[in-house]
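Worksheet: the structure to be examined is printed underneath.
We did not get these values from a lab; they are worked out from the coordinates using the rules stated. Just so we're clear, the structure is a prediction, and the values are computed from it rather than from any experiment. Cβ placement follows ideal geometry from the backbone for every residue including glycine, while neighbour counts extend to all protein chains displayed.
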Amino acid sequence: MTGLISKPAAGIHGTVKIPGDKSISHRVLMLGALAAGETSVTGLLESEDISCTAQALMSLGVSITPPNQQNNVWRIRGMGGKNLGTPKAPLHLGNSGTSARLLMGLIAGYPVSAVLTGDASLSLRPMGRVIKPLAQMGARFETSNGERLPIKMTGSTNLNPVNYRLPVASAQVKSALLLAGLHTRGKIIIIEPQPTRDHTERLLRLLGADITSELQPDGSNIITMEGNQPLTAKPVHVPADPSAAAFLTVAALITKDSDISIPDVLVNPLRTGLYDTLIEMGADISFENRRESSGETVADIRVRSSALKGVTVPPQRVPAMIDEFPILAIAAAFAAGETMMSNLAELRVKESDRLAAIAAGLTAAGVKVATGENSLRVTGGNGKVRGGCTVATQLDHRIAMSFLVMGLAAQEPVAIDNAETIATSFPSFAALLNGLGARIGV
C-alpha cells in the first residue's frame with residue numbers, strides 16, 4: 001500500500017478541468033451497449049471503476065473502442081436486437097458497486113449466465129436489494145455468501161413486469177430495474193420514496209425510450225416505462241463529475257486566498273445537494289454559463305475562499321448528496337459552530353462504513369465529533385483544525401481524497417495510509433490539485 005501526505009498550502013488558484021461524471025459514464029456504456037448503432041461518447045471518465053464496466057461489457061460480447069491519438073471519442077457498437085454472449089470467465093468488477101448492481105439489471109434481460117465477483121471491499125456490500133426485485137422479474141441467482149458477491153445469475157428474454165416500491169431510495173437499484181425493464185412483456189413501475197439521481201432516465205429518453213417520472217405530493221417519485229423498447233444510438237457528451245469537483249470546491253473554500261474555476265460541471269438538481277449546503281454555510285460559489293448537454297444541465301463553477309458556519313442538513317436532501325458527506329464533513333470541521341447530518345444509514349454500506357471512517361479521521365485530526373446509528377455532528381474549529389495525523393482510509397477513495405483536502409488547510413500535515421484506491425474514481429486527483437498550488441506527495 002502507498003500512502004500520501006498533504007501539507008498546508010498558501011491557497012489554490014486557476015482553472016481546472018475535472019474528469020467526466022462517474023455515474024453517467026457507467027450508464028452510457030451500458031445503454032450504448034444495448035442500443036442499435038454506434039454510440040460515440042466524449043468526456044467519459046477513465047478510471048478503474050469505469051474500466052470494470054467496459055471490460056465486463058466486452059466479455060458479454062459488446063464492441064467498445066477507446067479513444068485514439070487523433071480524438072477523445074469512445075465508440076460503443078450496440079447489440080440492438082442481438083443477444084449478449086455468455087462470458088467465458090467471471091466478470092470481475094473491482095471496487096465498483098455501480099458496475100455490479102447495474103450489470104445485474106442489464107444481464108437479467110438476456111438468456112445468458114454470468115458470475116459477478118469483486119474485490120474484498122465490494123464482496124462485503126449488500127446485493128439483496130437488487131436480487132429481490134430482479135428475481136421477481138424472472139432472473140435467477142445463486143449465492144453462497146449471504147446475497148453478496150460472488151453471485152451467479154441467469155437472465156431471461158421474457159421478464160415479468162413489476163410494480164415495485166423501493167424500500168430505500170437507491171439510484172443503483174432503480175437503474176438496475178430500468179435496464180431489466182427494457183426486456184419486460186409490459187409496463188414497469190418503480191416507486192422511489194425520494195427522488196434519486198436520474199441519469200438513467202435522462203439517457204433512456206435521449207436514446208428514444210418512452211419513460212415518465214411523476215413527483216407525488218408525499219415526496220415520492222413514480223417512474224413508468226414500457227417494456228420491449230428499442231434504443232437508438234446517439235452521440236453523448238459526459239460532463240465533469242460534481243462529486244469529483246466537490247473535493248476541489250471544498251479545498252478552495254477552506255484554504256486562504258483561493259480562487260478557482262471548474263468548467264463544464266454537471267449541475268443536475270439531484271446531484272447538487274452538497275453545493276446547496278455549502279452555500280447555506282456561507283460558501284462563495286457561483287454557477288455561470290448554465291446550458292444543456294446530452295439531456296443534462298451543466299455550468300461553470302467558480303469558488304473562492306470563504307468563512308463557513310455550521311448548519312443542519314435537511315434529511316430530505318441526503319439522496320442528492322449521498323457521496324459527498326465525507327468532504328462535507330471536512331468543510332464542517334473548518335466551519336464556525338456545529339453541523340448536524342442525519343438520515344445517513346446508507347453511508348454504513350458504501351465502500352467502507354463511511355460514517356465510522358469519517359468520525360475516526362476527524363477525531364484523529366483533533367475535531368470534535370459525535371455519531372449515532374445514522375447521524376453525525378461535527379463541531380467546527382472556526383477555520384482552525386490541528387491535523388497532524390495519519391488517517392485510515394478503509395480502502396475508500398472518498399475518505400482518502402477528503403482527508404487529503406483537510407491537510408491543505410490544517411495547521412499540521414495530514415497523511416492517509418493508502419492512496420491507491422483513489423484511482424477507482426479520480427486518478428488525476430493529486431496532480432490536478434498540485435497544479436493549482438496544493439502540496440500533496442509521498
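Quick look at the values:
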| item | result |
| --- | --- |
| In degrees, nearest ten, helix 354-364 long axis to first principal axis of the chain (Cα) | 20 |
| Neighbour-limited loop hits for GluC sites (Glu not before Pro), the range 346-442 (at most 16 other Cβ within 10 Å; DSSP other than H, G, I, E, B) | 373 |
| Rounded Å value of the spacing that divides the Cα centres of the range 331-398 and the range 261-316 | 21 |
| Charge tally in the Cβ shell below 15 Å around residue 106, where Lys, Arg are +1 and Asp, Glu are -1, residue 106 excluded | +4 |
| Nonlocal amide H pairs with residue 411, under 5 Å, H built at 1.01 Å | 385, 386, 387 |
| Antiparallel bridge percentage (DSSP; both residues within the chain; nearest 5) | 75 |
| Loop sites in the range 44-97: trypsin sites (Lys or Arg not before Pro), DSSP, at most 16 other Cβ within 10 Å | 82, 88 |
| Sorted by Cβ density within 10 Å, fewest first, the residues 275, 164 | 164, 275 |
| Part-to-part distance (alpha-carbon centres) for the range 65-106 and the range 16-44, which is given in Å | 10 |
| Under 5 Å, built H, 5+ apart or other chain: amide partners of residue 297 | 267, 268 |
| Most fluctuating residue given options 255, 297, 143, as computed from a GNM of the chain linking Cα atoms under 10 Å | 143 |
| Proximal charge balance of residue 21 [Cβ under 9 Å; K/R count +1, D/E count -1] | 0 |
| Read-out mean projected area of the Cα convex hull in nm², derived from the coordinates shown; its label in (i) 19.1; (ii) 21.6; (iii) 24.7 | (i) |
| Packing-based exposure ordering (other Cβ within 10 Å, fewest first) of 29, 34 | 29, 34 |
| Partner lysines for residue 22 [C-alpha distance under 20 Å; skip if fewer than 8 residues away on the same chain] | 174, 234, 350 |
